[in-house]
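A.B. asks: Okay, here's the structure, questions in a sec.
The values are calculated or read from the model by the stated rules, or taken from the named source; none is laboratory data. Only a predicted model underlies this, so the values are computations on that prediction, with no experimental measurement involved. We place every Cβ from the backbone using ideal geometry, glycine too, and count neighbours over all the protein chains shown.
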Amino acid sequence: MTAVLTITGLTMDFGGLRAVDNVNLDVRQGEIVALIGPNGAGKTTLFNCITGIYKPTAGDIVATPPGGPAKTIHGLKPNQVTEIGLARTFQNIRLFSNMTVLENVMIGRHCRTTSKILGAVLRDGHTRREEAEIVAFSYQLLERVRLERHVNDFARNLPYGAQRRLEIARALATEPFLLLLDEPAAGMNPHETKELDELISRIRAEMDISILLIEHDMKLVMNISDRIFVMEYGKEIAVGTPLEIRGNPKVIEAYLGEEAHA
């Protein structure tokens, strides 16, 4: 399978602190890849480097859209990374709480619209058609994440698990080929986590989107991942299938604990 994301020798320093140390990672087309490790291992820092929030100290990050040319995204701004086709969610939910569920998803379409300020003022035919398309597209995504009955509710009034799904829908509105999820199951109860497990699998199957996720819920990681990368103290210490990672002594010592054998 062709890699849609290739990270080579990625290093991120903050003054005298090395948060990410010479990490190599790849995500292949159609894969679900998990990035795991103890708190402080450098996982979110790695995500921030990929998505343009941080400019890496060293290394290369190359994104390859399916059927398209490889593009170096090292050092690009977040909006440029999104336009190329990478979208993410955050560990802490970042919704527009005073906007409706539909409006939150519509905002995600901004990078794919072509209407300009003049069109918005004059309300020309192209602008009206595009606005209608945005509404229809956003509603379809709400159906996909099973939030359509909340379409006119304010985002702040959604249950916690539904807010997580709304954030995923907003990311999907950018039409990514690679979706990055930062601890999507954090704070969820078992029922919500099961729904999330099913949603991530459906997104991969139905939308042909590759997924890279950071997650501490090992049951979810083992259920849905094709491969798992493990980090500790900024370094990659293991990579393999869920079965290989479950039995890796370094991973057990660093993170999973003896309960992994249960």
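A.B. asks: Would you call Tyr233 more than 30 Å from Thr11 (Cβ to Cβ), of a type in the set (Phe, Trp, Tyr) and out of contact with any helix residue (DSSP H, G or I) (no Cβ under 6 Å at 6 or more places or on another chain)? Spell out how you get there, then give the answer.
C.D. replies: Working: more than 30 Å from Thr11 (Cβ to Cβ): no; of a type in the set (Phe, Trp, Tyr): yes; out of contact with any helix residue (DSSP H, G or I) (no Cβ under 6 Å at 6 or more places or on another chain): yes.
So Tyr233 fails the test.
A.B. asks: With (1) touching a residue at least 40 places away in the same chain (Cβ under 8 Å); (2) in a helix (DSSP H, G or I); (3) closer than 21 Å to Tyr233 by Cβ as the list, and Cys49 as the residue in question, which single condition is left unmet?
C.D. replies: (1)
A.B. asks: Continuing with the same structure: Here are some residues: Ile73, Ile93, Ile61. Which one is surrounded by 13 or more Cβ atoms within 10 Å (Cβ to Cβ), modelled with pLDDT of 95 or more and not acidic (Asp, Glu)? Before the answer, list the steps.
C.D. replies: Details: Ile73 fails: modelled with pLDDT of 95 or more; Ile93 fails: modelled with pLDDT of 95 or more.
Every option except Ile61 fails the conditions.
A.B. asks: Among Ile203, Ile134, which is the only one that is in a helix (DSSP H, G or I) and closer than 25 Å to Thr44 by Cβ?
C.D. replies: Numbers: Ile134 fails: closer than 25 Å to Thr44 by Cβ.
Going through Ile203, Ile134 in turn, the sole match is Ile203.
A.B. asks: Going by the structure shown, is Ala162 outside the structural domain of Leu243 (by TED's automatic domain parsing) and free of Cβ contacts under 8 Å to residues at least 60 places away in the same chain?
C.D. replies: Yes; evaluated as a whole, the condition is true for this residue.
A.B. asks: Also, quick follow-up: Of all residues in the stretch 198-245 being of a type in the set (Lys, Arg) and crowded, with 17+ Cβ neighbours inside 10 Å, which is modelled with the highest pLDDT?
C.D. replies: Arg227
A.B. asks: Determine if the stretch 151-165 includes at least one residue that is in a helix (DSSP H, G or I) and within 30 Å of Thr64 (Cβ to Cβ).
C.D. replies: Scanning the stretch 151-165 turns up at least one residue that is in a helix (DSSP H, G or I) and within 30 Å of Thr64 (Cβ to Cβ).
A.B. asks: When you scan the stretch 15-34, do you find a residue that is in contact with a Ser or Thr (Cβ under 6 Å, 6 or more places away or on another chain), part of a loop (DSSP other than H, G, I, E, B) and not small (Gly, Ala, Ser), even just one?
C.D. replies: Yes.
A.B. asks: Go through the stretch 215-244 and report how many residues are in a helix (DSSP H, G or I) and touching a residue at least 60 places away in the same chain (Cβ under 8 Å).
C.D. replies: 3
A.B. asks: Specify which of the listed residues (Gly75, Gly9, Gly42) is more than 30 Å from Val151 (Cα to Cα), of a type outside the set (S, T, N, Q) and more than 20 Å from the chain's Cα centre (by Cα).
C.D. replies: Details: Gly75 fails: more than 20 Å from the chain's Cα centre (by Cα); Gly42 fails: more than 20 Å from the chain's Cα centre (by Cα).
Matching residue, one of Gly75, Gly9, Gly42: Gly9.
A.B. asks: Just to check your reading of the model, which residue among Leu212, Leu196 is among the aliphatic types (A, V, I, L, M) and outside any helix (DSSP H, G or I)?
C.D. replies: Step by step, each of Leu212, Leu196 is checked, and only Leu212 is among the aliphatic types (A, V, I, L, M) and outside any helix (DSSP H, G or I).
A.B. asks: Moving on. Go through (1) touching a helix residue (DSSP H, G or I) at 6+ places or on another chain (Cβ under 9 Å); (2) among the small types (Gly, Ala, Ser); (3) closer than 30 Å to Gly67 by Cβ one by one and return the number of the condition Ala205 breaks.
C.D. replies: It is condition (1) that Ala205 fails.
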